[in-house]
Amino acid sequence: MSKLGDLGARLYRGEVGYDFVGKRFLWYGVSILITITAIVALAVQGLNMGIEFKGGAVFTTPKTAVSVAQATEDAEKASGHDAIVQELGTGGLRIQISGVDTAAATEVKKQLATDLKVTEADINADLVGPSWGSQIANKAWTGLGVFMVLVVIYLAIAFEWRMAVAALIALIHDLTITVGVYALVGFEVTPGTVIGLLTILGYSLYDTVVVFDGLKEGSKDITKQTRWTYSEVANRSINGTLVRSINTTVVALLPVAALLFIGGGFLDAGMLNDISLSLFVGLAAGAYSSIFIATPLVVDLKEREPAMKALKKRVLAKRSASAARGESGDEGYQSGDDQQVVAQGRPGRRR
């Protein structure tokens, strides 16, 4: 068995483990810092909205010897607006100019034909109105809202309302970070970006539900025993699915990284950046939130219950009594909150 596989088996059996829940306030602090950075970036720099949202014109030219840099300069001079130029596989150019209306697009097309030394009739011009982009944005917000509501309802029924609230906060956390990164790097926001944002919600929710499922099974009839507190069971659930979460995240990130860094970077296929950056950042943030945010939040909410408080007192009282008698028991590593110990014996069977 590989070292990673052996570690996964030992984590699952509870033989080793990291105290994620006990150090949750550290993770909360990191997340708050990242979230504040993202919000500041959005407030200061804003998002670079694509032509689909702002309106404008897209000109596609036949093969030309003019470089991308020169074409960008010519397009901006002809239109008076910023232009984005991409070289196509045919040797032609795709010139995107925001804020150009129908009347201005005709004049820009004529000037581009002259500057790029191509026939005006061979330049294809597509106009995009801002109203279309507004419709797309509204539909995206509607879809996001419906998704969030359905997620909360499902998790509240399948698990409990505390897990639904924690999962919702984790999803908002992931979206905020991803959008903030877009503001920081200045990548263009297009319908592809929206698709990527909606896609990462599913990945993030999957990892969270896997941990929640283990927590639900491990905490069944928890008040009938005096071996573990709720936070310890939650921590064991995270450790039991840790390697699985890492493996699935890495496997998902590898092809996305290829799109982002190889396709969008080395090959200069800029359109790949629309969806690949949102997927890359969102997948990483989703894996982080499922481990460091969602489950610790459930613990904070759950341990406010009188039954969980009473259980914690019974568990700590039993351990104190055992320690006074000089009995080591079968407990192992300490929890950061109450310096309590977590059993290293075999946990309850998971699905």
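Quick notes on this one:
- Across the range 72-95, a minimum of one residue is classified as surrounded by 15 or more Cβ atoms within 10 Å (Cβ to Cβ) and basic (Lys, Arg).
- Of all residues in the range 170-187 being over 17 Å from Tyr288 (Cβ atoms) and of a type outside the set (A, V, I, L, M, F, W, C), the one that is most open to solvent (accessible area, probe 1.4 Å): Gly186
- Among the residues making up the range 94-136, those that are among the polar types (S, T, N, Q) and part of a helix (DSSP H, G or I) are Thr102, Thr106, Gln111, Thr114, Ser131, Ser134, Gln135.
- Filtering Ser219, Ser231 for residues that are in contact (Cβ under 8 Å) with a residue 40 or more places away in the chain and under 21 Å from Asp300 (Cβ atoms) leaves a single hit, Ser231.
- Answer from Thr199, Thr208, Thr190 - the residue that is more than 21 Å from Gly17 (Cα to Cα) and open to solvent by less than 50 Å² (accessible area, probe 1.4 Å): Thr190
- When restricted to residues that are open to solvent by less than 30 Å² (accessible area, probe 1.4 Å) and either outside any helix (DSSP H, G or I) or acidic (Asp, Glu) (or both), the range 137-169 contains 0.
- Residue in the range 115-138 that is modelled with pLDDT under 85, out of contact with any helix residue (DSSP H, G or I) (no Cβ under 8 Å at 6 or more places or on another chain) and over 27 Å from Phe59 (Cβ atoms) present: yes
- Every pair of residues 6+ apart whose Cβ atoms lie under 8 Å, when the first sits in the range 39-63 and is more than 30 Å from Ala113 (Cβ to Cβ) while the second is at pLDDT below 85 and not in a helix (DSSP H, G or I): Gln45/Gly186; Leu47/Val189
- Residue in the range 114-136 that is open to solvent by less than 30 Å² (accessible area, probe 1.4 Å), touching a strand residue (DSSP E or B) at 6+ places or on another chain (Cβ under 6 Å) and farther than 30 Å from Ile169 by Cα present: yes
- Residue count for the range 60-93, restricted to those that are over 35 Å from the mean Cα position of the chain (by Cα), in a helix (DSSP H, G or I) and polar (S, T, N, Q): 2.
- Taken together, Leu144, Leu88, Leu127 contain a single residue that is among the hydrophobic types (A, V, I, L, M, F, W, C) and under 30 Å from Val209 (Cβ atoms), which is Leu144.
- All conditions but one from (1) of a type in the set (Val, Ile, Thr); (2) surrounded by 24 or more Cβ atoms within 10 Å (Cβ to Cβ); (3) without any contact (Cβ under 8 Å) to a residue 60 or more places away in the chain apply to Ile246; the one that does not is (2).
- The set of residues in the range 14-38 that are outside any loop (DSSP other than H, G, I, E, B), open to solvent by 60 Å² or more (accessible area, probe 1.4 Å), touching a helix residue (DSSP H, G or I) at 6+ places or on another chain (Cβ under 7 Å) and not polar (S, T, N, Q) contains only Ile34.
- Checked against the criterion of being touching a Phe, Trp or Tyr at 6+ places or on another chain (Cβ under 7 Å), open to solvent by less than 10 Å² (accessible area, probe 1.4 Å) and not β-branched (Val, Ile, Thr), the range 213-225 has no qualifying residue.
- Search result, residues across the range 39-59 that are in a strand (DSSP E or B), over 14 Å from Gly129 (Cβ atoms) and either in contact with a helix residue (DSSP H, G or I) (Cβ under 7 Å, 6 or more places away or on another chain) or among the β-branched types (Val, Ile, Thr) (or both): Phe59
The values are calculated or read from the model by the stated rules, or taken from the named source; none is laboratory data. Note that this is a predicted model, so its numbers are computed, not measured. Ideal geometry is used to build each Cβ from the backbone, glycine not excepted, and the neighbour counts take in all protein chains shown. Each accessible area value is taken on the protein alone, full model and side chains, heavy atoms only, with ligands, DNA and RNA left out. Shrake-Rupley method; radii C 1.70, N 1.55, O 1.52, S 1.80 Å.
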